[in-house]
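The values are calculated or read from the model by the stated rules, or taken from the named source; none is laboratory data. The structure presented is a predicted model; accordingly, all values stated were derived computationally and were not measured. Cβ sites come from the backbone with ideal geometry, for glycine too, and all protein chains shown count toward neighbours.
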Amino acid sequence: MFAIATPSLARETTNEAADVEPIRIEYDTAGACPDRASFERQLFARTTRARIADRPDSRTFAVRFAGASGSLTGVLEVRSRTGEVSNREVPGESCEDVVGALALAAALVIDPHASTAPIPEIASAPATPPVSAPAATRGEASVSPVPAPAGWRSTFGVGLAGGVRAGTLPSAAPSAMVFADLALRKGVPSEGAFAPSVRVSFGGTLSQTVPVAASGSSSFGWLGGRADLCPLRARIATSLEARPCAAFEVGALSASTDAVPLGRTPTRPWVAGGAAAFLRWNAAPIFLEAGAQLLAPFARHRFYVGPDSTVFLVPAVGGGGWIGIGVFLFS
């Protein structure tokens with residue numbers, strides 16, 4: 001036997017009654033290894049904070065094996081309700097040792113205070129011996145199963161955000177937006193940093209009034225849409241991630257005045273590009289985030305009340321920040 005440290009697999013809290021989490025178990029047995037029932041008995045002997053439930057939104061614990069007796073590796077894959085995937089590999093010389101270690105790892109993922117003490121040997125029905133394949137006839141080649149390639153999983157969420165924009169209007173202005181976010185995540189064997197996501201948002205700023213001439217004033221506002229392409233993800237903690245993004249905006253910068261005609265066109269097109277980044281904390285199905293942006297407009301519009309009286313000239317670079325809350329609709 002061997003000892004394993006507390007696994008660094010993703011741990012989630014649950015809002016189920018009495019802290020009992022509904023889970024799904026997928027078990028791919030290998031030859032003479034103990035069956036699923038043996039794995040479940042060892043798991044629930046270590047924690048009472050889980051129960052089997054065939055619910056699509058339950059966290060899934062998938063167990064599979066590779067190799068043969070004497071050189072066996074067991075893999076525990078944990079798939080969260082939001083599509084996050086964590087893996088732990090346990091090598092061992094016997095199936096019983098590997099299954100016991102995987103059951104302990106799963107128990108600690110569910111319950112950090114799960115028992116790590118040796119448990120009494122549990123009697124179970126003998127595993128069905130492997131069926132020998134018929135010998136290949138002359139001219140035929142024996143083929144070993146090839147593991148399926150790692151797949152992709154998607155998550156889709158919507159949310160609301162509020163913040164401050166600078167460099168779009170004469171001074172910093174409060175802003176709000178609604179957004180939709182589609183992300184792809186790599187499945188087994190590892191998550192990796194490449195996990196692209198696309199976000200589309202629509203929003204605007206509050207109207208901002210500035211004095212013009214002796215007794216007049218002008219009002220400015222921005223309304224537009226935005227697309228963010230975020231190819232990478234950096235895992236900071238179990239439920240915390242950071243994403244760098246390329247940002248592109250299209251909208252309208254409007255102006256009105258009660259003094260004199262403000263230039264020749266009161267509404268100007270807004271097109272800008274730049275970079276953004278945000279931190280997101282996942283607490284499925286809810287997520288919270290905070291982000292910042294740096295944008296450069298493609299055209300620096302000038303608003304004026306006379307040839308030599310500029311009210312506002314769009315800066316070469318603008319920025320801002322936001323905080324938001326959202327919900328995953330599927331994962």
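Of the residues making up the stretch 315-330, those that are farther than 24 Å from ALA183 by Cα and buried (at least 17 other Cβ atoms within 10 Å of the Cβ) number 2.
Residue-wise test of (1) of a type in the set (Val, Ile, Thr); (2) modelled with pLDDT of 95 or more.
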| position | (1), (2) |
| --- | --- |
| SER239 | no, no |
| ALA259 | no, no |
| THR267 | yes, no |
| ALA277 | no, yes |
| PHE287 | no, no |
| LEU295 | no, yes |
| PHE298 | no, yes |
| PRO307 | no, no |
| TRP322 | no, yes |
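VAL99 passes every criterion in (1) at pLDDT below 85; (2) over 20 Å from ALA53 (Cβ atoms); (3) of a type in the set (Val, Ile, Thr) apart from (1).
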